[in-house]
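Undergrad: I have a structure I would like to understand better, so I am pasting it below and will then ask my questions one at a time.
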Amino acid sequence: MASSLSSNPFLGSSPTEGFSRFSSLSTDISKLSFSAAKISVGPRNAKNLQIKAAGSTFGNYFRVTTYGESHGGGVGCVIDGCPPRRRISEADLQVELDRRRPGQSRITTPRKETDTCRILSGVVNGVTTGTPIHVFVPNTDQRGHDYSEMSVAYRPSHADATYDMKYGIRVVEGGGRSSARETIGRVAAGAVAKKILKELAGTEVLAYVSQVYKVVLPNGVVDHETLSMEQIESNIVRCPDPEIAEKMIAAIDDVRLKGESIGGVVTCIVKNCPPGLGSPVFDKLEAELAKAVLSLPASKGFEIGSGFGGTFLTGSEHNDPFYLDENGRIRTVTNRSGGIQGGISNGEIITMRVAFKPTATIGKKQSTVTRDKKEVELITRGRHDPCVVPRAVPMVEAMVALVLVDQLMAQHGQCNLFPINPDLQSPIEPKREASNTPV
């Protein structure tokens with residue numbers, strides 16, 4: 001994402017006069033160094049003046065900017081582009097934030113935070129105004145002294161070293177922006193997006209843990225047609241199969257007591273997704289989803305539909321045959337495409353899988369180097385998840401919901417602004433229970 005300063009002349013001046021005034025500043029500006037923006041200025045050449053934004057904003061039409069650090073005063077987000085006159089409350093957001101918060105069970109980080117949110121703008125009397133929505137969550141249980149060793153030595157496979165490589169400075173306590181605490185803003189914005197999707201199209205985004213270390217939920221055990229939030233939230237590991245869930249919890253307990261960590265997989269589905277979302281060629285829906293979920297901390301892999309397993313099939317085995325249902329809608333007999341074909345949703349259930357690595361911060365001695373380039377051994381302190389996947393579930397749901405709302409707005413703006421072709425397209429209309437607009 002880049003934005004350039006306009007090369008139009010200043011008001012009341014000629015082009016050369018305008019930039020002659022500005023170019024006198026170029027020498028001083030070119031000496032400045034910013035961690036979040038790069039400004040390059042060429043003498044009397046406006047085209048070289050460009051500011052490249054840092055990566056804290058997501059979305060094109062439904063835009064979310066997150067802010068804050070793990071051990072700072074607080075974290076949150078600003079949501080820009082939310083439709084007006086939609087009912088939203090802090091309680092709506094809190095439900096999702098409670099699913100994400102630390103200290104919720106013995107298999108998560110013991111850090112104690114209530115993650116109580118406040119909506120500071122963009123909502124009046126429980127109704128969105130169409131202006132930016134500001135959500136703030138204070139940090140209340142910081143322990144900066146736990147990170148004294150990490151101020152000197154880099155944690156292996158963590159962002160400590162790469163933040164220094166990029167910025168030449170970093171926040172030590174809690175990892176700063178690289179901490180999963182940053183995802184509070186994403187989950188809060190995702191709660192708004194999920195409510196819009198449900199009201200507008202009956203769309204539901206559900207994720208669950210399908211693998212912890214070597215404990216794998218077999219394919220076909222979970223019925224995606226009937227899967228519910230209640231099934232997912234029925235246990236602390238968020239696996240809808242009780243028997244497999246107990247094995248996953250035991251695996252996490254085992255490494256937790258040893259000061260180790262393990263990874264896993266989160267499966268996410270989207271039910272009742274309108275057909276037509278996504279755009280060729282570079283903005284395919286699966287590409288947008290991949291970017292969204294791979295921006296989450298500790299994520300390392302992404303699959304849509306058959307994923308890598310599809311490479312073991314022939315074309316005739318992999319293709320999803322079409323048929324007409326009782327309502328005359330085009331459907332597929334199978335769903336190896338994962339609800340997306342040609343980068344565009346086809347109305348079937350969207351299925352994806354996201355792989356998360358083991359938590360980098362562990363309680364075992366590890367070889368590393370210091371900031372002044374000395375080889376040392378490090379034993380880290382602090383409070384960290386022995387396995388991130390149970391708390392990653394609401395994070396994945398949030399990012400998927402943000403993509404879909406953004407794509408819905410894009411679809412309406414391009415393809416539904418004028419009357420649709422009823423022979424080929426389906427209207428996207430608010431559900432009856434949400435049709436009463438609050439004013």
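The values are calculated or read from the model by the stated rules, or taken from the named source; none is laboratory data. These numbers were taken from a predicted model, which means no experiment stands behind them. Please note: Cβ atoms are built from the backbone with ideal geometry, for glycine as well, and neighbour counts cover all protein chains shown. All accessible areas refer to the heavy atoms of the entire protein, side chains included, with ligands and DNA or RNA removed. Shrake-Rupley method; radii C 1.70, N 1.55, O 1.52, S 1.80 Å.
Undergrad: Go through the stretch 252-293 and count every residue that is closer than 25 Å to PRO390 by Cβ, touching a residue at least 40 places away in the same chain (Cβ under 8 Å), hydrophobic (A, V, I, L, M, F, W, C) and open to solvent by 10 Å² or more (accessible area, probe 1.4 Å).
TA: 2
Undergrad: Something else now. What about LEU227, is it open to solvent by less than 20 Å² (accessible area, probe 1.4 Å) and out of contact with any helix residue (DSSP H, G or I) (no Cβ under 7 Å at 6 or more places or on another chain)?
TA: Yes; evaluated as a whole, the condition is true for this residue.
Undergrad: Among all residue pairs at least 6 apart or on different chains, which show Cβ distances below 7 Å where the first residue, located in the stretch 105-131, is closer than 17 Å to CYS77 by Cα and the second is basic (Lys, Arg) and modelled with pLDDT of 95 or more?
TA: Cβ pairs passing all conditions: THR128/ARG85; THR128/ARG86.
Undergrad: Right, here's the next one. Scan the stretch 325-381 residue by residue and report those that are touching a residue at least 40 places away in the same chain (Cβ under 8 Å), of a type in the set (Ser, Thr, Tyr) and buried (at least 17 other Cβ atoms within 10 Å of the Cβ).
TA: SER345, THR351, THR359, THR361, THR368, THR380
Undergrad: Would you check which residues across the stretch 274-303 are hydrophobic (A, V, I, L, M, F, W, C) and in contact with a Leu (Cβ under 7 Å, 6 or more places away or on another chain) and list them?
TA: Within the stretch 274-303, LEU277, LEU285, ALA292, PHE302 qualify.
Undergrad: Regarding ARG111, is this residue open to solvent by less than 50 Å² (accessible area, probe 1.4 Å), of a type outside the set (Phe, Trp, Tyr), in a helix (DSSP H, G or I) and under 23 Å from ARG238 (Cα atoms)?
TA: No: the conditions fail for ARG111.
Undergrad: While we're on this one: Could you give me the residue pairs with C-beta distances under 9 Å whose first residue belongs to the stretch 70-96 and is closer than 30 Å to ALA159 by Cα and without any contact (Cβ under 8 Å) to a residue 60 or more places away in the chain, whose second residue is charged (D, E, K, R) and open to solvent by less than 10 Å² (accessible area, probe 1.4 Å) wherever it lies, and which are 6+ apart or on separate chains?
TA: GLN94/ASP115
Undergrad: Oh, and also: Only one of GLU243, GLU199 is of a type in the set (Asp, Glu) and either within 14 Å of ALA401 (Cβ to Cβ) or open to solvent by less than 30 Å² (accessible area, probe 1.4 Å) (or both); which?
TA: After ruling out the rest, the residue left standing is GLU199.
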